[in-house]
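The values are calculated or read from the model by the stated rules, or taken from the named source; none is laboratory data. Model, not experiment: these values are computed from the prediction. Cβ: placed from backbone, ideal geometry, glycine included. Neighbour counts: every protein chain shown. The protein model used for the area step is the full one, side chains on, heavy atoms only, and it has no ligands, DNA or RNA in it. Shrake-Rupley method; radii C 1.70, N 1.55, O 1.52, S 1.80 Å.
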Amino acid sequence: MLLGSVLILALPCVHAASHGASIEVWKDPNCGCCKDWVTHLEKSGFTVKVNQNGNDVVRERLGMPRQLGSCHTALVGGYVIEGHVPAKDIKRLLKEKPAAIGLSVPGMPVGSPGMDGAAYGGRKDPYDVLLVVKDGSSRVFQGYR
């Protein structure tokens, strides 16, 4: 459209997660799988800030139930991300915006992002990404088999 002598282009709105949504991660400085998960996020378009001081205190402060814990905790778009959650599920969460605390992959399942390196020989254990709601209960958000 031409407005006076200025050309104005109408561009489609693109979701923030596809253009480097910022995510903050808390992890142990010695954890290699956490580092690999951060790399997975960066390759998926996220801008990542990493805190190397562990995640137990942050997990509790952000309201993620301890029984759903893992080796790292993150915060993105007001949601808590616990453990080896795939980037595509984080993007889906940010798009759908459910009333929830966030997502969790409890433990450290082999085959999940960050737990999928050459050392595991291509093994992929089944696991679920859980949607954790405000009362601390959870349901399956996405299953991987």
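Remarks
- Any hit, segment 132-145, residues being farther than 18 Å from GLY69 by Cα and in contact with a Pro (Cβ under 8 Å, 6 or more places away or on another chain): yes
- Once segment 54-95 is narrowed to residues that are polar (S, T, N, Q) and farther than 11 Å from VAL25 by Cβ, the residue that is farthest from the chain's Cα centre (by Cα) is GLN67.
- Segment 37-73, residues that are of a type in the set (A, V, I, L, M, F, W, C), under 17 Å from LEU103 (Cβ atoms) and out of contact with any Pro (no Cβ under 6 Å at 6 or more places or on another chain): VAL38, LEU41, PHE46, VAL48, VAL58, LEU62, MET64, CYS71
- Residue in segment 79-100 that is at pLDDT 95 or above and touching an Asp or Glu at 6+ places or on another chain (Cβ under 6 Å) present: no
- Some residue of segment 4-16 being assigned to a helix (DSSP H, G or I) and modelled with pLDDT of 95 or more: no
- Hits in segment 62-92 - residues which are in a helix (DSSP H, G or I) and either crowded, with 23+ Cβ neighbours inside 10 Å or without any contact (Cβ under 8 Å) to a residue 12 or more places away in the chain (or both): ARG66, ILE90
- Selection within segment 39-61 - over 18 Å from ARG92 (Cα atoms) and either in contact (Cβ under 8 Å) with a residue 60 or more places away in the chain or not hydrophobic (A, V, I, L, M, F, W, C) (or both): THR39, LYS49, ASN51, GLN52, ASN53, GLY54, ASN55, ASP56, ARG59, GLU60, ARG61
- For segment 24-32, the count of residues that are open to solvent by 70 Å² or more (accessible area, probe 1.4 Å), at pLDDT below 95 and not charged (D, E, K, R) is nonzero.
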